[in-house]
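One structure is given below, encoded as C-alpha coordinates.
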Amino acid sequence: MTLNSGRLKVAILMMQRDETSLLPVFLGYHESLFGSSSLHVFDNGSTDPSVIAELKASEGRGVRVFWDHATAKDFEEKGHLFASYIQHLDRVDPHDFYLPMDCDEFIACLAGDGVSLDRAEIDRALMPFRGCASTLRISHKYWANPLHRNHYRIITWSPKCFFATEACESLDHGYHHGVSRHSSPDQITPIVYYELHYKTYLLHRRLSEAKLAPFLTDYSRRSLREFLARKYHNHHCAEDLLMSKYDYLSLFSRDQYPINNPLFLRKLQELGLDDQLLFEPVPAVGMGPWLVWLKFRRNLVGLQATVQELLEDCRGLLVRTARRLFGSL
(Lines give C-alpha, C1' and ligand atoms only; values in the text may rest on other atoms or scores of the structure.)
Protein backbone atom coordinates (compact mmCIF):
# COMPACT_ATOMS: atom_id res chain seq x y z
CA MET A 1 0.00 0.00 0.00
CA THR A 2 1.39 3.39 -1.01
CA LEU A 3 -0.19 6.37 0.67
CA ASN A 4 0.46 10.09 0.59
CA SER A 5 -2.55 11.45 2.38
CA GLY A 6 -0.73 14.07 4.43
CA ARG A 7 1.87 16.74 4.01
CA LEU A 8 4.23 15.25 6.53
CA LYS A 9 6.66 12.44 5.83
CA VAL A 10 6.71 10.12 8.84
CA ALA A 11 8.91 7.09 9.52
CA ILE A 12 7.70 4.41 11.94
CA LEU A 13 10.57 2.26 13.27
CA MET A 14 9.82 -1.00 15.06
CA MET A 15 11.74 -4.13 16.13
CA GLN A 16 9.86 -7.37 16.77
CA ARG A 17 10.30 -11.07 17.16
CA ASP A 18 7.50 -13.61 16.65
CA GLU A 19 4.69 -11.17 17.44
CA THR A 20 2.10 -13.54 16.00
CA SER A 21 -1.01 -11.70 17.22
CA LEU A 22 0.19 -8.11 17.20
CA LEU A 23 2.26 -7.83 14.02
CA PRO A 24 -0.63 -7.94 11.49
CA VAL A 25 -2.55 -5.39 13.57
CA PHE A 26 0.45 -3.07 13.94
CA LEU A 27 1.23 -3.20 10.22
CA GLY A 28 -2.36 -2.81 9.07
CA TYR A 29 -3.11 0.10 11.38
CA HIS A 30 0.01 2.15 10.60
CA GLU A 31 -0.02 1.36 6.90
CA SER A 32 -3.55 2.76 6.75
CA LEU A 33 -2.30 6.01 8.29
CA PHE A 34 1.11 6.59 6.77
CA GLY A 35 1.51 4.17 3.87
CA SER A 36 3.57 0.99 3.65
CA SER A 37 6.85 2.66 2.73
CA SER A 38 6.74 4.66 5.98
CA LEU A 39 7.17 1.47 8.05
CA HIS A 40 10.68 0.24 8.86
CA VAL A 41 10.54 -3.14 10.60
CA PHE A 42 13.61 -4.79 12.10
CA ASP A 43 13.10 -8.51 12.63
CA ASN A 44 14.97 -9.86 15.64
CA GLY A 45 15.19 -13.48 14.55
CA SER A 46 11.58 -14.60 14.18
CA THR A 47 11.06 -18.33 13.68
CA ASP A 48 7.26 -18.51 13.60
CA PRO A 49 6.22 -19.29 9.99
CA SER A 50 3.16 -17.03 10.18
CA VAL A 51 5.27 -14.06 11.28
CA ILE A 52 7.84 -14.64 8.55
CA ALA A 53 5.06 -14.93 5.97
CA GLU A 54 3.47 -11.71 7.26
CA LEU A 55 6.76 -9.85 7.00
CA LYS A 56 7.43 -11.11 3.48
CA ALA A 57 3.93 -10.14 2.41
CA SER A 58 4.44 -6.67 3.87
CA GLU A 59 7.67 -6.32 1.89
CA GLY A 60 5.59 -6.90 -1.23
CA ARG A 61 3.41 -3.96 -0.19
CA GLY A 62 6.43 -1.69 0.30
CA VAL A 63 7.23 -2.07 4.00
CA ARG A 64 10.97 -1.94 4.61
CA VAL A 65 11.93 -5.11 6.48
CA PHE A 66 15.44 -5.71 7.80
CA TRP A 67 16.35 -9.34 8.44
CA ASP A 68 19.98 -8.98 9.56
CA HIS A 69 19.47 -7.99 13.21
CA ALA A 70 18.57 -11.37 14.69
CA THR A 71 20.80 -11.59 17.77
CA ALA A 72 20.27 -10.85 21.46
CA LYS A 73 22.91 -8.15 21.17
CA ASP A 74 20.89 -6.47 18.41
CA PHE A 75 17.88 -6.44 20.73
CA GLU A 76 19.87 -5.01 23.63
CA GLU A 77 21.32 -2.29 21.39
CA LYS A 78 18.18 -1.44 19.44
CA GLY A 79 18.23 2.14 20.75
CA HIS A 80 21.68 2.68 19.25
CA LEU A 81 20.62 0.84 16.09
CA PHE A 82 17.55 3.04 15.63
CA ALA A 83 19.47 6.26 16.31
CA SER A 84 22.06 5.30 13.67
CA TYR A 85 19.32 4.39 11.21
CA ILE A 86 17.50 7.70 11.80
CA GLN A 87 20.75 9.55 11.12
CA HIS A 88 21.19 7.48 7.95
CA LEU A 89 17.69 8.44 6.77
CA ASP A 90 18.45 12.08 7.52
CA ARG A 91 21.32 11.84 5.03
CA VAL A 92 19.71 9.80 2.25
CA ASP A 93 15.92 10.05 2.67
CA PRO A 94 14.95 12.79 5.13
CA HIS A 95 11.63 12.49 6.97
CA ASP A 96 9.77 15.15 8.89
CA PHE A 97 9.45 12.83 11.90
CA TYR A 98 10.92 9.55 13.14
CA LEU A 99 8.89 7.56 15.64
CA PRO A 100 10.53 4.50 17.26
CA MET A 101 7.74 2.27 18.51
CA ASP A 102 7.03 -1.18 19.91
CA CYS A 103 4.72 -3.68 18.23
CA ASP A 104 2.02 -3.13 20.87
CA GLU A 105 1.88 0.66 20.38
CA PHE A 106 -0.50 2.52 18.05
CA ILE A 107 -0.24 6.21 17.28
CA ALA A 108 -3.07 8.72 17.74
CA CYS A 109 -3.32 12.35 18.80
CA LEU A 110 -5.22 14.69 21.08
CA ALA A 111 -7.70 16.79 19.15
CA GLY A 112 -10.52 18.89 20.49
CA ASP A 113 -12.00 17.24 23.56
CA GLY A 114 -10.76 13.73 22.82
CA VAL A 115 -8.49 11.45 20.86
CA SER A 116 -8.27 11.25 17.08
CA LEU A 117 -7.03 8.42 14.87
CA ASP A 118 -7.37 10.54 11.74
CA ARG A 119 -4.28 11.14 9.61
CA ALA A 120 -5.10 14.80 8.94
CA GLU A 121 -5.51 15.42 12.68
CA ILE A 122 -2.20 13.69 13.41
CA ASP A 123 -0.52 15.88 10.80
CA ARG A 124 -1.99 18.99 12.41
CA ALA A 125 -0.78 17.83 15.83
CA LEU A 126 2.74 17.29 14.49
CA MET A 127 3.03 20.35 12.27
CA PRO A 128 4.08 22.85 14.99
CA PHE A 129 7.07 20.58 15.77
CA ARG A 130 8.31 20.23 12.20
CA GLY A 131 12.06 20.94 12.19
CA CYS A 132 12.11 21.10 16.00
CA ALA A 133 15.58 20.65 17.48
CA SER A 134 14.30 19.20 20.77
CA THR A 135 13.66 15.63 21.80
CA LEU A 136 9.91 15.26 21.35
CA ARG A 137 7.68 13.33 23.74
CA ILE A 138 4.24 11.85 23.47
CA SER A 139 1.66 13.26 25.85
CA HIS A 140 0.68 9.91 27.40
CA LYS A 141 -0.38 6.35 26.67
CA TYR A 142 -3.71 4.59 26.91
CA TRP A 143 -3.09 1.13 28.35
CA ALA A 144 -5.74 -1.32 27.21
CA ASN A 145 -7.49 -3.74 29.55
CA PRO A 146 -7.14 -7.27 28.08
CA LEU A 147 -10.14 -8.55 30.06
CA HIS A 148 -12.62 -5.74 29.43
CA ARG A 149 -12.73 -4.48 25.86
CA ASN A 150 -12.62 -0.71 25.24
CA HIS A 151 -11.42 0.05 28.77
CA TYR A 152 -8.18 2.01 29.27
CA ARG A 153 -6.15 3.87 31.83
CA ILE A 154 -3.77 6.77 31.21
CA ILE A 155 -0.05 6.17 31.74
CA THR A 156 2.18 9.26 32.00
CA TRP A 157 5.34 7.87 33.58
CA SER A 158 8.36 7.19 31.31
CA PRO A 159 6.76 8.65 28.17
CA LYS A 160 8.15 7.60 24.79
CA CYS A 161 10.12 10.05 22.66
CA PHE A 162 10.63 10.74 18.95
CA PHE A 163 12.47 13.17 16.72
CA ALA A 164 12.05 15.66 13.93
CA THR A 165 14.53 15.93 11.03
CA GLU A 166 18.23 16.07 11.99
CA ALA A 167 17.52 16.18 15.73
CA CYS A 168 18.44 12.63 16.83
CA GLU A 169 21.75 12.16 18.60
CA SER A 170 21.10 8.99 20.62
CA LEU A 171 18.30 6.78 21.89
CA ASP A 172 17.99 4.31 24.73
CA HIS A 173 16.75 0.71 24.59
CA GLY A 174 13.13 1.51 25.47
CA TYR A 175 12.83 4.84 23.55
CA HIS A 176 12.21 6.72 26.80
CA HIS A 177 15.42 8.76 26.87
CA GLY A 178 16.33 10.33 23.57
CA VAL A 179 19.09 12.89 23.26
CA SER A 180 18.87 15.69 20.73
CA ARG A 181 21.86 16.98 18.78
CA HIS A 182 21.02 20.37 20.25
CA SER A 183 20.70 21.67 23.78
CA SER A 184 17.00 22.46 23.50
CA PRO A 185 14.77 21.16 26.32
CA ASP A 186 12.38 18.29 25.61
CA GLN A 187 8.94 19.22 24.32
CA ILE A 188 5.68 17.40 24.97
CA THR A 189 3.46 16.97 21.90
CA PRO A 190 -0.23 16.10 21.43
CA ILE A 191 0.78 12.66 20.15
CA VAL A 192 -0.52 9.74 22.23
CA TYR A 193 -0.24 5.96 21.94
CA TYR A 194 -2.77 3.24 22.48
CA GLU A 195 -0.71 0.46 24.03
CA LEU A 196 -1.71 -3.19 24.29
CA HIS A 197 0.90 -3.68 26.98
CA TYR A 198 -1.02 -6.51 28.63
CA LYS A 199 -2.17 -9.40 26.45
CA THR A 200 -4.08 -12.58 27.17
CA TYR A 201 -2.49 -14.63 29.91
CA LEU A 202 -1.08 -17.30 27.60
CA LEU A 203 0.17 -14.81 25.01
CA HIS A 204 1.69 -12.61 27.72
CA ARG A 205 3.58 -15.62 29.09
CA ARG A 206 4.78 -16.68 25.65
CA LEU A 207 6.04 -13.21 24.82
CA SER A 208 7.70 -12.89 28.23
CA GLU A 209 9.51 -16.19 27.68
CA ALA A 210 10.62 -15.02 24.22
CA LYS A 211 12.01 -11.79 25.65
CA LEU A 212 13.93 -13.76 28.30
CA ALA A 213 15.22 -16.36 25.83
CA PRO A 214 18.52 -14.50 25.21
CA PHE A 215 19.24 -14.58 28.94
CA LEU A 216 17.61 -17.72 30.38
CA THR A 217 17.26 -21.41 29.56
CA ASP A 218 15.81 -22.40 32.93
CA TYR A 219 12.32 -21.02 33.62
CA SER A 220 11.90 -22.61 37.05
CA ARG A 221 10.51 -20.37 39.77
CA ARG A 222 13.87 -20.32 41.51
CA SER A 223 15.67 -19.24 38.33
CA LEU A 224 13.05 -16.56 37.58
CA ARG A 225 13.33 -15.10 41.09
CA GLU A 226 17.13 -14.92 40.77
CA PHE A 227 16.86 -13.19 37.39
CA LEU A 228 14.27 -10.75 38.73
CA ALA A 229 16.60 -9.80 41.59
CA ARG A 230 19.35 -8.90 39.09
CA LYS A 231 17.23 -6.09 37.56
CA TYR A 232 18.68 -6.82 34.13
CA HIS A 233 17.07 -6.17 30.72
CA ASN A 234 13.44 -7.38 30.69
CA HIS A 235 13.54 -8.36 34.36
CA HIS A 236 9.84 -7.46 34.53
CA CYS A 237 9.20 -10.47 32.25
CA ALA A 238 10.45 -12.78 35.02
CA GLU A 239 7.92 -11.18 37.36
CA ASP A 240 5.20 -11.81 34.77
CA LEU A 241 6.11 -15.50 34.52
CA LEU A 242 5.92 -15.87 38.30
CA MET A 243 2.29 -14.77 38.27
CA SER A 244 -0.57 -17.25 38.19
CA LYS A 245 -3.47 -16.72 35.80
CA TYR A 246 -5.64 -15.58 38.70
CA ASP A 247 -3.03 -13.06 39.89
CA TYR A 248 -2.60 -11.77 36.35
CA LEU A 249 -6.28 -11.34 35.52
CA SER A 250 -7.00 -9.81 38.92
CA LEU A 251 -4.99 -6.79 37.80
CA PHE A 252 -7.67 -5.80 35.33
CA SER A 253 -10.72 -4.65 37.20
CA ARG A 254 -12.82 -2.08 35.37
CA ASP A 255 -12.30 0.40 38.21
CA GLN A 256 -8.58 0.54 37.45
CA TYR A 257 -9.28 1.21 33.76
CA PRO A 258 -11.86 4.01 34.01
CA ILE A 259 -11.76 5.28 30.42
CA ASN A 260 -14.38 3.59 28.26
CA ASN A 261 -13.78 4.43 24.60
CA PRO A 262 -14.60 2.21 21.58
CA LEU A 263 -12.69 4.41 19.08
CA PHE A 264 -9.53 2.32 18.71
CA LEU A 265 -11.15 -1.11 18.41
CA ARG A 266 -13.78 0.29 16.07
CA LYS A 267 -10.94 1.50 13.83
CA LEU A 268 -9.38 -1.96 13.80
CA GLN A 269 -12.72 -3.46 12.81
CA GLU A 270 -13.13 -0.91 10.00
CA LEU A 271 -9.72 -1.95 8.68
CA GLY A 272 -10.66 -5.64 8.83
CA LEU A 273 -7.98 -6.37 11.44
CA ASP A 274 -8.57 -9.31 13.79
CA ASP A 275 -8.33 -8.27 17.43
CA GLN A 276 -9.88 -11.42 18.95
CA LEU A 277 -6.53 -12.88 20.03
CA LEU A 278 -5.68 -9.70 21.92
CA PHE A 279 -8.36 -10.14 24.58
CA GLU A 280 -8.87 -12.82 27.20
CA PRO A 281 -11.73 -15.22 26.34
CA VAL A 282 -14.21 -15.53 29.22
CA PRO A 283 -15.95 -18.92 29.72
CA ALA A 284 -19.72 -19.26 29.50
CA VAL A 285 -19.97 -19.69 33.28
CA GLY A 286 -19.17 -15.98 33.68
CA MET A 287 -16.28 -14.03 35.08
CA GLY A 288 -17.12 -14.37 38.80
CA PRO A 289 -17.17 -18.19 39.05
CA TRP A 290 -14.24 -18.37 36.66
CA LEU A 291 -12.05 -16.19 38.88
CA VAL A 292 -13.05 -18.23 41.96
CA TRP A 293 -11.90 -21.40 40.21
CA LEU A 294 -8.65 -19.74 39.06
CA LYS A 295 -7.91 -18.63 42.64
CA PHE A 296 -8.46 -22.15 43.98
CA ARG A 297 -6.20 -23.58 41.30
CA ARG A 298 -3.55 -20.93 42.03
CA ASN A 299 -3.45 -21.90 45.68
CA LEU A 300 -3.22 -25.61 44.87
CA VAL A 301 -0.45 -25.17 42.30
CA GLY A 302 1.43 -22.83 44.64
CA LEU A 303 1.33 -25.42 47.41
CA GLN A 304 2.62 -28.09 45.02
CA ALA A 305 5.45 -25.80 43.85
CA THR A 306 6.45 -25.01 47.44
CA VAL A 307 6.58 -28.71 48.34
CA GLN A 308 8.61 -29.44 45.20
CA GLU A 309 11.16 -26.75 46.05
CA LEU A 310 11.47 -28.04 49.62
CA LEU A 311 12.10 -31.56 48.31
CA GLU A 312 14.75 -30.24 45.93
CA ASP A 313 16.43 -28.33 48.75
CA CYS A 314 16.43 -31.45 50.96
CA ARG A 315 17.79 -33.55 48.12
CA GLY A 316 20.58 -31.04 47.52
CA LEU A 317 21.42 -30.92 51.20
CA LEU A 318 21.61 -34.72 51.40
CA VAL A 319 23.88 -34.87 48.34
CA ARG A 320 26.26 -32.24 49.73
CA THR A 321 26.34 -33.93 53.16
CA ALA A 322 27.07 -37.33 51.58
CA ARG A 323 29.90 -35.87 49.53
CA ARG A 324 31.50 -34.33 52.58
CA LEU A 325 31.13 -37.52 54.61
CA PHE A 326 32.37 -39.94 51.97
CA GLY A 327 34.94 -37.51 50.68
CA SER A 328 36.59 -37.43 54.10
CA LEU A 329 36.99 -41.22 54.29
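Please count how many residues of the stretch 192-206 are surrounded by fewer than 18 Cβ atoms within 10 Å (Cβ to Cβ) and without any contact (Cβ under 8 Å) to a residue 60 or more places away in the chain.
The number of residues fulfilling the criteria is 2.
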Margin query: I'd like to know if the stretch 164-175 contains one or more residues that are over 12 Å from Leu136 (Cβ atoms), without any contact (Cβ under 8 Å) to a residue 12 or more places away in the chain and surrounded by fewer than 16 Cβ atoms within 10 Å (Cβ to Cβ).
Written below: no
Note to self: Given the condition within 27 Å of Asp18 (Cα to Cα), among the polar types (S, T, N, Q) and without any contact (Cβ under 8 Å) to a residue 60 or more places away in the chain, answer yes or no: does some residue in the stretch 153-162 qualify?
What the structure shows: yes
Next item on the list: Please work out which residue is surrounded by the fewest Cβ atoms within 10 Å (Cβ to Cβ), limiting yourself to the stretch 105-136 and to residues that are at pLDDT 95 or above, among the acidic types (Asp, Glu) and outside any strand (DSSP E or B).
Entry: Asp118
Margin query: Any residue in the stretch 83-102 that is at pLDDT 95 or above sitting within a Cβ distance under 6 Å of a residue that is of a type in the set (Lys, Arg)? List the pairs, counting only those 6 or more apart or interchain.
Written below: His95/Lys9; Asp96/Lys9; Asp96/Arg130
Margin query: If I go through the stretch 176-191 residue by residue, how many of them are open to solvent by less than 80 Å² (accessible area, probe 1.4 Å) and over 15 Å from the mean Cα position of the chain (by Cα)?
Written below: 9
Note to self: So, in the stretch 78-103, exactly how many residues are within 17 Å of Ile191 (Cα to Cα) and open to solvent by 10 Å² or more (accessible area, probe 1.4 Å)?
What the structure shows: 2
Checklist line | Filtered residues of the stretch 140-161 (kept if out of contact with any helix residue (DSSP H, G or I) (no Cβ under 8 Å at 6 or more places or on another chain), surrounded by 18 or more Cβ atoms within 10 Å (Cβ to Cβ) and part of a loop (DSSP other than H, G, I, E, B)) | finding: Pro159, Lys160
Check: How about the stretch 247-300: which of its residues are of a type in the set (Asp, Glu) and open to solvent by less than 70 Å² (accessible area, probe 1.4 Å)?
Finding: Asp247, Asp275, Glu280
Margin query: Residues that are among the polar types (S, T, N, Q) and either touching a residue at least 40 places away in the same chain (Cβ under 8 Å) or open to solvent by 40 Å² or more (accessible area, probe 1.4 Å) (or both): does the stretch 226-240 have at least one?
Written below: no
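So, restricting to strands (runs of 3 or more DSSP E) that lie completely within the stretch 1-76, which ones have at least 3 residues that are free of Cβ contacts under 8 Å to residues at least 12 places away in the same chain, within 26 Å of His233 (Cα to Cα) and open to solvent by less than 20 Å² (accessible area, probe 1.4 Å)?
Numbers: elements: 10-16, 39-43, 64-66.
Those strands (runs of 3 or more DSSP E) do not exist here; none qualify.
The values are calculated or read from the model by the stated rules, or taken from the named source; none is laboratory data. Computed from a predicted structure; not experimentally measured. Using ideal geometry, Cβ is built from the backbone for each residue, glycine included, and neighbour counts are taken over all protein chains shown. What goes into the accessible areas is simple: the full protein's heavy atoms, side chains included, and nothing from ligands, DNA or RNA. Shrake-Rupley method; radii C 1.70, N 1.55, O 1.52, S 1.80 Å.
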